[in-house]
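Here the structure comes first, spelled out in C-alpha cells, and everything after it is commentary.
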Amino acid sequence: MAVILDALVQFCQMAVVLAFAPLLAGYVRKLKALLVGRRGPPLLQPYRDLLRLLRKEVVLAHSASWVFRVTPYLVFAATWVAAALVPTFATGLLFSYAADMIAIVALLGSARFMLALAGLDVGTSFGGIGSSREMMIASLAEPAMLMVVFTLSLLAGSTQLSSIAEALQGPGIGLRVSLALALVALVMVAIAENARIPVDNPATHLELTMVHEAMILEYSGRHLALIEAASFVKLLLYVSVIGCVFAPWGIAASGDGIAAYLAGLAAYVGKLALAGFLLAVFETAIAKMRVFRVSDFLGAALMLGVLAALLRFVSRVT
Amino acid sequence: MIGPLALDVAHLFAGGLVLVSVMLLYQDRMTGLINTFALHALVVSFSVAWQAFIQDAPHLYITAAIALVVKAAVIPLALHRIVVRLGIHRTIEPTVGIGLTMLAAIGLIALSIMVMLPITAQAGALAREDLSFALSVILLGLLMMISRRNAVSQVVGFMSIENGLILAATGAKGMPLVVEISVAFSILVALIVIGIFLFRIRERFETVDIHLLHEHRGEQP
Amino acid sequence: MALEALLWCTAALLGAGIGALAMRRRAGAGVAVYGISLGAALVGLVAAGVSLLAPGFPGAALTLPLGLPWLGAHFRLDALSAFFLLVINLGGVGASLFGLGYGRHEEAPARVLPFFPAFLGGMNLVLVAADAFTFLFAWELMSLSSWALVMAHHRRPGNAAAGYLYLLMASFGTLALLLAFGLLAGPSGGYGFEAMRQAPPSAALGGVVLVLALIGAGSKAGLVPLHVWLPLAHPAAPSHVSALMSGVMTKVAIYGFVRIVFDLLGPPAWWWGAVVPLLGGITAAMGVLYALMQSDLKRLLAYSTVENVGIVFIGLGLALAFEANGMTGAAALALTAALLHVFNHSLFKSLLFFGAGAVLGSTGERDMERLGGLIHRMPRTAFAFLIGSAAISALPPFNGFVSEWLTFQAILLSPALPQWLLKFLVPAVGALLALSAALAAACFVKAFGITFLGRPRSEAARDAVETDPWSLAVMLGLAALCLLAGILPGYFIDALAPVLQALTGASLPRQEQLDWLTIVPIAQSRSSYNGLLLFFFIALAAGLAAEVIHRWASAAARRSAAWDCGFPDASPATQYSAGSFSQPIRRVFGSVVFRARDEVQIPPPGDARAARLDVRMRDVPWEALYAPLARLVGFAAEQLNRLQFLTIRGYLTLVFGTLVALLMVLAVWQ
C-alpha cells in the first residue's frame, strides 16, 4: 500500500514538473517585461507557443542525419527524468534510489552532449559556435556543480537528493559557511546552465552573442517544441534543487498524508514564485558578460565549490 | 549564554567576509571594485555589531559605526570622486589572469586554514575557524595588492587587510575603543596622503600605472 | 587446469608468430595468424572467466624448468591475474576479429603478422608470471613486439622517431622495474614472488620501490610526465594494434603496479596515498587537455588513454590511502572503482580505436580537418563510435559513468582520513577528476562531431564506404558490451569480489541480491544507482513523447536547405573545424597550461589574399624535462666522443693513469 502511494506521489511529481515548467518561464518573462515598463506576453504564452510548434511541420536540412532527428526526444527524456528525481512537494520519491545527485548532473550532461552534437550535425558555422561555447561553459559549470554536490552530500551523509533534503530539514544543520558558499556557487552554475543573463541571453536575435540558441538554430516544429520544453524543465529543475536544499520548509516527508502533500504543493508554488521574481529582478539589473568573461565567472563558481568542499573536509563546525 | 545559533551567525559573517574578499579579486572594473569594497566594509561593520550584541560589549557598537560611516560610506565616495577626476574609471589590468588569481586565492585560504587550525588547538572550534578566516582575508588583501597594477586597487587592498585585522580583533573578546580610533584616523590620514600623491603622480606622468612609474625610479644603472 | 590451458595458448601464440615469420609471403597467412590469435584469445578468455567466477577459486601455481637454471619459471593464476587476463583476452579477441577484416588493407603484412601473436602472448605471460625473471622477460617481449609493430610503417614521416622514443622509454621503464624487483628480493636474493611476499621491505625501502614502480609501470601506462611516447607511438601502429596498445597494454602496466604495490610490498605508508592520487589527477587533467588540442583522430584517442589511466591511478591512490589508515571497506570501494574502470576503458577505447581504424581504412585520412559527414557514408561505424564516445564521456546509462560514480563515492568517504595533507589533497583531486570528466565530454563531442557529422571537408570523406562486416561485428559487439556493463554493473562488481578480498581483505556487499539490479557500494541509506531503471525510464519517456506527438500533433517532415540565418554557404569550409571547436577551451585552459596563443592576420578590405591563423602552443613536460635531458645526454656524448680519437700515446696514457690510480687506491685502503 505504501509502495502504491509512493508510486502515485512519484507520478504526480513528474506531472507537476511538466505542468509548471512553461508557467515558470512565462512568469519570469512577464515580470521582466513589467520591470522595464512593458506589458509583456500573457502568462500562459509558453503553453500556446509549444502547442503551435508541435503542430507545425519539421524542416530538415539536407545534411541533417538521424542524430539531428533523435536528439530532441533524448534531450527531453533525459531532462524530464532528471527533474522527476528532484523533490518538489514531497521527499521519499520511489525512484530516488535509481539515481542520486551525481547521476542527475550526468543526465543533464547527456542531454547537453546530444544537443552539442546536433549543433554540429548540419554543418553550419552558427551551430559550431553554439556547440563549442556550450562545451566550454559546461567544462567549468559541471565540475562546479559536482563540488556543490560533494559539499551537500558530505553534510547530509548521502548523495541521494531525497535524503539530502530530509537531512537539511533536520535540526543538526544550522547556518554553515560551506552551505552559504555552496548556495552562491549553485546559483552561479544555475544561471550559466539555464542560459540566463549574464551568461547568455535567452531572447537575443544576434547570432554571435548566442550560446544555447545557436545550437538549436536549425530546429523547427515539434523538435523545437521538445527542446524548448526541455529548457523550461531544466530551469524548473534547478529552481527545485535550490528550493529543496536551501529552503526545505514545507516539503512533506514520505507517507505524511494528503493534507501534507497539498501544503507541500502550496509551499512549492510559493518558492517558484519567489525564485521567479528574484531571477527576473537579477536579469533586468545586470548586463550580459562577454563570452570569455563567462570562464572567469564559472571559474569563481568552481573555486567557491572547491572551497565549500574543502571546508567540509577540514573543519569540524563549518 | 551565547547560543549556538548566535555563534553560527558570527561565523557566517566571517565566511561572508572571505567571500567578499574573493569577489574583490574578481572585479575587473574600477567602479565595481569600489562598490565591492563598500560591501566589504558593510559586512565587517555588521560582523562587529553582532559581536557587540553577543559579547555584550557596547563599545564595539561604536567600532561598527565607525567602520560603517568611514569605510562603507565616506571612503568609497571619496574614491569614486578621485577615480572620476583622474579619469581611470575603466578596466583594471591584473598581472596574471583572473583564473590564476582565483586559484592563488583558494591556495591562500587553504594555507591559512592549515596554519591556524593546529596552532590554536586550545580554543573553541568556532573561534579557531574565525581566526583562519580572518587570516585568509588578510592574505587575500595582500594578494589584491600584488596582483594589480593600479594604485587605487592597492589602496583598496590595503584597506581590506585592515578589515581582516578588525575581524580578528573583535572575534577574540575585548578590543579597546582607543585603539580603534587611532587606527581609523591613521587610515584616514593614509588615504588623504595617498590621494594627494595620486594626484601629483597623475599630473606629472599622466598615468598611475605602477609599471610605467617603475622606469622613473632613481639610481638606475 | 586453467593455468595449463593459458600456458599452452601462449605457446600457440608464440608459435604462430614464428610460423608467420617463415610463411609471411603466402596468401592465407593473415587469416591463419589472426585465426590462431582469435582461438588462443578465446580459450584464454574462457579460462580466465571460469577461474574468476568459480566460487572459492584457490589459485593455481606451476613451475617449469625454463629460463634461469637456479630459478626456473614460476607461474601463478590467482584472482587478480584472472581478472586482468579476462580484460586482455577480451581485447585480444576484438583485435583479432578486427584484424581479419582490416588486415586485408595491410600494405606490409610481413612486418605485422609475426609480431601480433607474439605481442598477445607476451601480455598473457606477464599476467601469469610469478617470479621476477619471467615477469621481466615477458614484459620485454611485450615491449619489443609492440615496438616492431609501431615500426611496421617506418617509412611514414614521424613513425621512426616515435619508435625510437618508445624504445628509449620502454628500456628506461624496464630498468626501473628491474631495480624495484632487486630491492624487493633483498640481500637473500629470493626472486620468486612468493619469497618477496613473505619478506616485505622496510618503510624507507618500500617508498623507493613505490617510486620505481611508478616510474616503471607508470611510464608504460602513460602517467604524466612519462607519457610522452604514448601519443606518438600508439597512433603510428596499425589500428587494431593501436587498440591493443591503448586498451590492453596500458592495463598490463596497471597490473604490474597493482601486483608490486598492493601484493608484494606489504602494508602501505600514508604518503603513498598522497603521491599516487596527485599524479593521477594531474595526468587526468593534462591528458584530456592535450586531447582537446589535437586534430589527428588517433592522437586524440591516445591522449584520452592518458586521461583514463590518470583516473585509474586516482582510484588506486585512494585505495592506498585507505589501506594505510586501516579503512579496508573504503579501500575495497576505491580499488573496485579503479579495476572496473580498467575493464570499462579497455572496452570503449578498443571500440574507439577500431572506429578510427575503420575511418582510416575507408578514407585514408586520420586528420579530422579533412573528414566530416561520414555518418551518411558509414552509418554503422558512426553508430558504434557514438556509443563509444558516450561511454567514455561518462554518460549514463553506459559503463563509463558507473566507474566514475564509484570513484566519486570513494572520494566522498575520504573526510575520515586523519592526515592533514590528505584532507587538503583529496578535494583538490576530486575537483581535478570532475574537471577532466567534463572536458572529456567536450573532447568526444569534438571527435565524433567533426569526424562524422556536418558536411564532408574533402574528396576522401565524400567518397568513403562502409567497412567490412568483421570490423563492424566487433565494433557493434563492443558497443553492446558497453551498454550491458552500464545497465548491469552489479554482476561485474560481484565478479571483482575475490580480487578485492585477496588484496585488501574486504569487499563490497554482494550486489546481485539487491532489488531491481541496483548497486549499493556502501549502504542503502547512503547512495545507490540503478542503470537499468534509468535506461528504461529514458527510453520510456522518449518513446512516450514520440508516440504522443506523432499521434496527436504532427509527424510531417520536409527536407530543404539549411537555415544558417539566411546566409547559407555551399562551401564546407565555412563549418567549424577541429581547431575552431576547441578554440574557446584553448583560450580558457590552453593559454595557462600550454601558453597557447592564437594570432589572426586579416588583410584589409579589398585585398584578396587569404587570412591567416597561427596557433602557438608549448609542450611543458617536454620542454621542462625531456629537452634539457636530451641536451645533457648529447653534451656528455660529445665529451666522451673525444675518447674515440686519441693517438696511441693518448691511449697508453689512459691505461697508465688508470693503473696508477688503482694502485694508489690499493695503497690507501691498506
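Quote the Stokes-Einstein diffusion coefficient, in whole µm² s⁻¹, for chain C, based on the Kirkwood radius over alpha carbon pairs, a temperature of 10 °C and a viscosity of 1.306 mPa s. After rounding, the answer is 60 µm²/s. For the range C:96-111, the residues whose backbone nitrogen is under 16 Å from a point 7 Å from the Cα of residue C:32, taken along Cα to Cβ, are C:109-111.
Shown in residue order for the range C:256-273 are the 3J(HN,Hα) couplings computed by the Karplus curve 6.51 cos²θ - 1.76 cosθ + 1.60 at θ = phi - 60°: x, 4, 5, 4, 5, 7, 8, 9, 8, 8, x, x, x, 8, 5, 6, 4, x Hz (x for Gly and Pro). Per-residue ellipticity at 222 nm computed for chain A from its helices equals -24500 deg cm²/dmol, with DSSP H segments shorter than 4 residues left out and the rest contributing -39,500 (n - 2.57).
What share of the DSSP beta bridges in the protein assembly as shown is antiparallel, in percent to the nearest 5? Of those bridges, close to 75 percent are antiparallel. With N counted as the residues of the range C:516-670, its alpha-carbon radius of gyration over 2.2 N^0.38 Å works out to 2.37.
Between residue B:145 and residue B:209, the C-beta separation translates, for a Förster distance of 25 Å, into a calculated FRET efficiency of about 0.95.
Going from the residue with the fewest nearby Cβ atoms within 10 Å to the one with the most, C:565, C:482 rank C:565, C:482. Using θ = phi - 60° in the Karplus curve 6.51 cos²θ - 1.76 cosθ + 1.60, the 3J(HN,Hα) couplings for the range C:215-228 round to 5, x, 6, x, 5, 6, 7, x, 5, 5, x, 9, 8, 4 Hz; x is entered for Gly and Pro. Residue C:470 sits among other residues whose Cβ lies under 13 Å from its own Cβ, and their net charge, with Lys and Arg +1 and Asp and Glu -1, is 0. Given a Förster distance of 45 angstrom, what is the FRET efficiency for residue A:69 paired with residue C:161, based on the Cβ-Cβ distance and rounded to 0.05? In this case the efficiency is close to 0.50. Think of chain A as having a plus end and a minus end, set by charges on the Cβ of Lys, Arg, Asp and Glu; of A:220, A:209, A:154, A:209 sits farthest toward the positive end of this dipole. The label-point distance for residue A:206 and residue C:62, in a model that sets each label 7 Å from Cα toward Cβ, rounds to 7.4 nm. Per residue, the convex hull spanned by the Cα atoms of the range C:267-546 measures out at 128 cubic angstrom. Dipole magnitude for the range C:418-520: computed about the Cα centre from +1 point charges on Lys and Arg Cβ and -1 point charges on Asp and Glu Cβ, it is near 460 debye. When only the Cβ of Lys, Arg, Asp and Glu is charged (+1, +1, -1, -1), the dipole of the protein assembly as shown relative to its Cα centre reaches about 1860 debye.
Comparing Cα centroids, the range C:21-82 and the range A:190-240 end up 55 angstrom apart.
The relative contact order of chain C comes to 11 percent, based on Cα pairs under 8 Å that sit 6 or more residues apart. Working from Cα pairs under 8 Å separated by at least six residues, relative contact order for the range A:2-314 is 31 percent. Convex hull volume of the Cα atoms of the range C:1-196, normalised per residue: 116 Å³. With the Kirkwood sum run over all distinct C-alpha pairs, the range A:86-141 has a hydrodynamic radius of 13.1 Å. Summarising the label geometry, the points placed 7 Å from Cα in the beta-carbon direction at residue C:199 and residue C:50 lie 3.7 nm from one another. Structure note, pairs A:32/A:56; A:56/A:271; C:251/C:298; C:220/C:349; C:298/C:446: Cα-Cα distances above 25 angstrom occur for A:32/A:56; A:56/A:271. Within the range C:202-324, the proportion of C-alpha pairs whose separation exceeds 21 Å stands at 36%.
Using the Kirkwood radius over Cα pairs, work out the Stokes-Einstein diffusion coefficient for the protein assembly as shown at 37 °C and 0.692 mPa s, in µm²/s as a whole number. Rounded to a whole number, D works out at 101 µm²/s. Our note on the geometry: Cα centres of the range C:399-470 and the range C:197-262, 21 Å apart.
Which one, C:162, C:118, C:71, projects farthest toward the positive side of the charge dipole computed for the range C:1-196 from Cβ point charges (K/R +1, D/E -1)? Selected residue: C:162. Excluding same-chain neighbours fewer than eight residues apart, the aspartates and glutamates reachable from residue A:30 by a Cα-Cα span under 14 Å are A:283. In plain terms, the chain from residue C:501 to residue C:523 could stretch by 6.1 nm, reckoned as 0.36 nm per residue minus the Cα-Cα distance. Lys/Arg Cβ at +1, Asp/Glu Cβ at -1, dipole of the protein assembly as shown taken about the Cα centre: which of C:277, C:322, A:269 is farthest positive-ward? Most positive-ward Cα: A:269.
Ordered by the number of other Cβ atoms lying within 10 Å of each residue's own Cβ, fewest first, C:3, A:51, A:85, C:42 fall into the sequence A:51, C:42, C:3, A:85. All C-alpha pair distances within the range A:2-314, sorted into 20 Å bins from zero, spread as 33, 60, 8 percent across the bins.
Put the Cα centre of the range B:115-129 next to the Cα centre of the range C:363-393 and the gap is 57 Å. Take every Cα-Cα pair in the range A:61-162 and report what % of them are more than 21 Å apart. Roughly 44 percent, once rounded to a whole number. Working note: Karplus 6.51/-1.76/1.60 with θ = phi - 60° gives the range C:30-39 the couplings x, 4, 4, 5, 5, x, 5, 4, 4, x Hz, where Gly and Pro are set to x. When all alpha-carbon pairs of the range C:235-278 are counted, what percent fall beyond 13 Å? For the range C:235-278, the fraction of Cα-Cα distances above 13 Å is 66 percent. Mean-square fluctuations from a GNM of chain A, with a 10 angstrom spring cutoff on Cα atoms, peak among A:179, A:140, A:274 at A:274. A crude spin-label estimate for the pair residue C:539 and residue C:420, with each label 7 Å from Cα along the Cβ direction, gives 5.4 nm. Calculated translational diffusion coefficient of the range C:570-659 (25 °C, 0.890 mPa s; Stokes-Einstein with Kirkwood radius over alpha-carbon pairs) equals 131 µm²/s. Ordering B:199, A:76 by the number of other Cβ atoms within 10 Å of each residue's own Cβ, fewest first, gives B:199, A:76. When the inverse distances between all different Cα atoms of the range A:37-89 are averaged and flipped, the Kirkwood radius reads 14.4 angstrom.
Calculated mean residue ellipticity at 222 nm for chain C: -21500 deg cm²/dmol, from DSSP H runs with n ≥ 4 weighted as -39500 (n - 2.57), summed, divided by the residue count and rounded to 500.
Here the range A:2-314 is treated with +1 on each Lys and Arg Cβ and -1 on each Asp and Glu Cβ, and its dipole about the Cα centre works out to around 760 debye. For residue C:423, give me every one of the lysines with a C-alpha distance below 20 angstrom, ignoring sequence neighbours fewer than eight places off in its own chain. Correct list for residue C:423: empty, as no lysines qualify.
Values quoted throughout were computed directly from the atomic coordinates according to the rules given, and no laboratory measurement underlies them. Everything numeric here is computed off the predicted structure, so don't read it as measured data. Note that each Cβ is placed from the backbone with ideal geometry, even for glycine, and that neighbours are counted across all protein chains shown.
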